[in-house]
1. Among what's in segment 116-147 and is at pLDDT below 85 and of a type in the set (Val, Ile, Thr), pick the residue that is nearest to the chain's Cα centre (by Cα).
2. Would you check which residues across segment 11-36 are under 17 Å from Glu76 (Cβ atoms), of a type in the set (Phe, Trp, Tyr) and not in a loop (DSSP other than H, G, I, E, B) and list them?
3. Return the only residue of Trp39, Trp8 being at pLDDT below 85, part of a helix (DSSP H, G or I) and of a type in the set (Phe, Trp, Tyr).
4. Restricting attention to segment 136-171, report how many residues are within 19 Å of Glu51 (Cβ to Cβ) and open to solvent by less than 60 Å² (accessible area, probe 1.4 Å).
5. Restricting to segment 29-49, name every residue that is open to solvent by 100 Å² or more (accessible area, probe 1.4 Å), in contact with a Leu (Cβ under 7 Å, 6 or more places away or on another chain) and not aromatic (Phe, Trp, Tyr).
6. Of the residues that make up segment 15-28, is at least one open to solvent by less than 40 Å² (accessible area, probe 1.4 Å) and among the aliphatic types (A, V, I, L, M)?
7. If I ask for residues that are free of Cβ contacts under 8 Å to residues at least 12 places away in the same chain and in a loop (DSSP other than H, G, I, E, B), which ones from segment 113-143 would you list?
8. Among (1) surrounded by 11 or more Cβ atoms within 10 Å (Cβ to Cβ); (2) within 17 Å of Ala97 (Cα to Cα), which single condition is Arg52 missing?
Amino acid sequence: MNRALSSWSILFVMELKAWRRNWGWSVGLSALYPLSLLWFLRLSGAVTSPERATQAMAGSLVFAVVLNAIVGLGQELSAFRDSGSLDFYATLPISRASLILAILARTMVLTLPSVLVVASIGSWWLGTGLSPATALAFPILLVTALALSSLGALIGFKSPSARAANFITQA
């Protein structure tokens, strides 16, 4: 158990270090689509009441989680498989489960900033403010990110190619 935890922590730090140069792009682009959805809903006049604003906000937060978890992870793991990176990791004295859990944990950690960006800018645009109920939604969104990351990992591993994973995750 100690060796598995040690290998997981090393892999998790490696995953975070691999994203240290591109995390801004990842957060920005994964927040862009949900924020553009909120902007369109506000511009079109669909948000007419505080209840509709809350529903639009919840939908945009879920959209941010889905983009990071399913699309990003599914495409990344299929690219790992196509490029031979998974074969490289298989030669190391680590378990495949540790690698997958490290990638899942990194995805969950990188989902949080885009969700916070969408929540703060979206609440400002819609004039709803961040309520205590919104703060309680963050742990639920993290659990949702874990479940959807697992689905993204399944798509990434089971798709026949990176191109097929791209089509499947964006469908």
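1. The qualifying residue nearest to the chain's Cα centre (by Cα) is Thr144.
2. Phe12, Trp23, Trp25 - these are the residues of segment 11-36 that are under 17 Å from Glu76 (Cβ atoms), of a type in the set (Phe, Trp, Tyr) and not in a loop (DSSP other than H, G, I, E, B).
3. Trp8
4. 1
5. Within segment 29-49, the subset open to solvent by 100 Å² or more (accessible area, probe 1.4 Å) is 33, 39-40, 42-43, 48.
So of that shortlist, the ones also in contact with a Leu (Cβ under 7 Å, 6 or more places away or on another chain) come out as 33, 42.
Hit for segment 29-49 is Arg42, nothing else.
6. yes
7. Answer for segment 113-143, where residues must be free of Cβ contacts under 8 Å to residues at least 12 places away in the same chain and in a loop (DSSP other than H, G, I, E, B): Gly129, Leu130, Ser131.
8. All conditions are met except number (2).
The values are calculated or read from the model by the stated rules, or taken from the named source; none is laboratory data. Predicted model, so just to flag it, every value in this text is computed and none were measured. Heads up, the Cβs are rebuilt from the backbone with ideal geometry, glycines too, and the neighbour counts pull from every protein chain shown. SASA here: full protein model, heavy atoms, side chains in, ligands and nucleic acids out. Shrake-Rupley method; radii C 1.70, N 1.55, O 1.52, S 1.80 Å.
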